[in-house]
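Asker: My questions all concern the structure below.
The values are calculated or read from the model by the stated rules, or taken from the named source; none is laboratory data. Nothing here was measured: the structure is a model prediction, and the numbers come from that model. Methodologically, a virtual Cβ is constructed for each residue, glycine included, from the backbone with ideal geometry; neighbour enumeration extends over all protein chains shown.
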Amino acid sequence: MTVLLYEEALAAYDPVLGLEVHVELNTISKMFCGCSTAFGAEPNTQVCAVCLGLPGSLPVVNAKAVESAIRIGLALNCTIAEWCRFARKNYFYPDMPKNYQISQYDEPIAYDGWTEVVLDGETYRIGIERAHMEEDTGKSLHVGGVTGRIHGADYSLLDYNRSGVPLIEIVTKPIEATRAEAPQVARAYVTMLRDLLRALDVSDVRMEQGSLRCDANVSLRPVGTTTFGTRTETKNVNSLRSVERAVRYEITRQAGVLAGGGRVIQETRHWHEDSSITTAGRSKETAEDYRYFPEPDLVPIAPSRDWVEELRATLPEPPAAKLKRVSAEWGFTDLEMRDVISAGAVDAIEATVAAGASPQSARKWWLTEIARRANEAGVDLEQVGVTPHQVAEIQGLVDNGTINDKLARQVFEGVIADEGSPVEVVAARKLAIVFDEGALAAAVDEAISANPDIVDKIKSGKVQATGALIGSVMKQMRGQANAARVRELILEKIG
Ligand SMILES: [Zn+2]
């Protein structure tokens, strides 16, 4: 199989995207029972007859989940249904003990909305097909195989703690005309959605824990044509950067198939983070395969217009308005702001500024030190292991002269390695800049006597040669000296 180069693929084909994002709500209890939704508990300790699908058990709708669904719909400019029902989606899977999932089918609670994403200064309008409520499934753990998938596994373990956790599935309309930017638009959309859901306070939106999951649909059509090609659906891409990379790969793969005279097969595909490719999963079911029918155990939901308007009043500011506001507050240039947006660092910087750092210093750390570590580890900024509060604390230590930027990098390293708070890391690693004038003076004396030629240069008026002596002193002090004070001392002693 040939995979085309990205540029070749784009020259011949026009990508069309469709993004399905599943978000786990942060309700205290599950969608249809009172079990806890807390993440990370011992397997099968947060279960009951309802979420285990035992015969005779009856579901009851979680009102808070409906409220969150309506707020998400409103924030995405959707129409909120005056009346809607749940539906049974029938299929067998061991992590779904009822053999059907309670979902919504042709009567979603929210539909026909839109939102906007900003990429490199350009605004893309994304249509929202629907946002509907459903329940999450349990979790399977396949043991013994190489890939962690069921093929080749010795046995499988099932954890039903997640079974019945409320989910909202947000489905876009086909996203067209993004051309070569398609992968970045996909990433920008999921980033915007993550920030919006966080601002709504309806989910903890942690992709690495699966509370925000993205399935990316990609199809290609020859440039200049309008009929959609056959699409594939890449499942459960679990970081923002993977969204971009999976879409990009799928464009080059499908282009290779089409250019070779083949046909793209409608199927789900799995994204492999390590090898950066997708592989075939199951051939995609159609809606008929699921034999949807209205859920007879639940009453319809008919949110009153008064309630909907009450909820509308609780919405956070729209993403575009927020970008405009913070951009003005922070005083960033357009270019700086673009970099911040494309790095998905808006919320992180906002939280760091709220914790006391200046906007420029917050931007500096998130876009350099932390971005570099995220890249190296192949994760998103939030997954590096340092919080906005810790970033502000580290910058505070720089501001009060305890450390400098260079030493701060070692503090980041210690914080990420779980050695404690920034202050604790500075103490444990003995990183604080030395204010001991005696030690400093001794180091300066030593540098002067070891470098007579440099001293001569300085005496003859070549003040820039001071840099070499400062470097020598800083080396002796293991970087833990105030360079400006070192310079003063050198000039005092020579002059
Ligand atoms: Zn339960």
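Asker: Yes or no: segment 94-117 includes at least one residue that is part of a loop (DSSP other than H, G, I, E, B), in contact (Cβ under 8 Å) with a residue 60 or more places away in the chain, among the acidic types (Asp, Glu) and within 30 Å of Val340 (Cβ to Cβ).
Answerer: no
Asker: Tally up the residues in segment 292-319 that are surrounded by 12 or more Cβ atoms within 10 Å (Cβ to Cβ), in a helix (DSSP H, G or I) and not basic (Lys, Arg), please.
Answerer: Residues meeting the conditions: 5.
Asker: Which one of Pro97, Pro108 is modelled with pLDDT under 95 and out of contact with any Pro (no Cβ under 9 Å at 6 or more places or on another chain)?
Answerer: Working: Pro108 fails: modelled with pLDDT under 95.
After ruling out the rest, the residue left standing is Pro97.
Asker: Considering only segment 477-495, how many residues are at pLDDT 85 or above and within 44 Å of the chain's Cα centre (by Cα)?
Answerer: 1
Asker: Follow-up. Out of the residues in segment 1-40 that are within 16 Å of the ligand (Cβ to nearest atom) and among the small types (Gly, Ala, Ser), state the one that is surrounded by the fewest Cβ atoms within 10 Å (Cβ to Cβ).
Answerer: So in segment 1-40, the residues within 16 Å of the ligand (Cβ to nearest atom) come out as 24-25, 27-39.
From what's left, among the small types (Gly, Ala, Ser): 29, 34, 36, 38.
Values: Ser29: 17, Gly34: 12, Ser36: 14, Ala38: 10.
So, considering only residues that are within 16 Å of the ligand (Cβ to nearest atom) and among the small types (Gly, Ala, Ser), the one surrounded by the fewest Cβ atoms within 10 Å (Cβ to Cβ) is Ala38.
Asker: Could you list, in sequence order, all residues of segment 115-128 that are over 13 Å from Glu181 (Cβ atoms) and either surrounded by 18 or more Cβ atoms within 10 Å (Cβ to Cβ) or within 20 Å of the chain's Cα centre (by Cα) (or both)? Write out each step before concluding.
Answerer: Let us first name the residues in segment 115-128 that are over 13 Å from Glu181 (Cβ atoms), namely 115-116, 125, 127-128.
Thr115, Glu116, Ile128, listed by residue number.
Asker: Could you identify the single residue in Ser211, Ser242, Ser163 that is within 29 Å of Asp95 (Cα to Cα), without any contact (Cβ under 8 Å) to a residue 40 or more places away in the chain and either within 16 Å of the ligand (Cβ to nearest atom) or within 16 Å of the chain's Cα centre (by Cα) (or both)?
Answerer: On the way: Ser211 fails: without any contact (Cβ under 8 Å) to a residue 40 or more places away in the chain; Ser163 fails: without any contact (Cβ under 8 Å) to a residue 40 or more places away in the chain.
Answer to the selection: Ser242.
Asker: Please verify whether segment 55-67 includes one or more residues that are within 15 Å of the ligand (Cβ to nearest atom), touching a residue at least 24 places away in the same chain (Cβ under 8 Å) and outside any loop (DSSP other than H, G, I, E, B).
Answerer: yes
Asker: Please work out if Leu158 is within 16 Å of the ligand (Cβ to nearest atom) and closer than 30 Å to Ser342 by Cα.
Answerer: Numbers: within 16 Å of the ligand (Cβ to nearest atom): yes; closer than 30 Å to Ser342 by Cα: no.
Taking the combined requirement at face value, the residue does not satisfy it.
Asker: With the structure loaded, tell me whether Gly438 is without any contact (Cβ under 8 Å) to a residue 12 or more places away in the chain, assigned to a helix (DSSP H, G or I) and either under 16 Å from Lys364 (Cα atoms) or not acidic (Asp, Glu) (or both) or whether it fails that test. Even if it seems obvious, please write down each step before you answer.
Answerer: Details: without any contact (Cβ under 8 Å) to a residue 12 or more places away in the chain: yes; assigned to a helix (DSSP H, G or I): yes; either under 16 Å from Lys364 (Cα atoms) or not acidic (Asp, Glu) (or both): yes.
Yes; evaluated as a whole, the condition is true for this residue.
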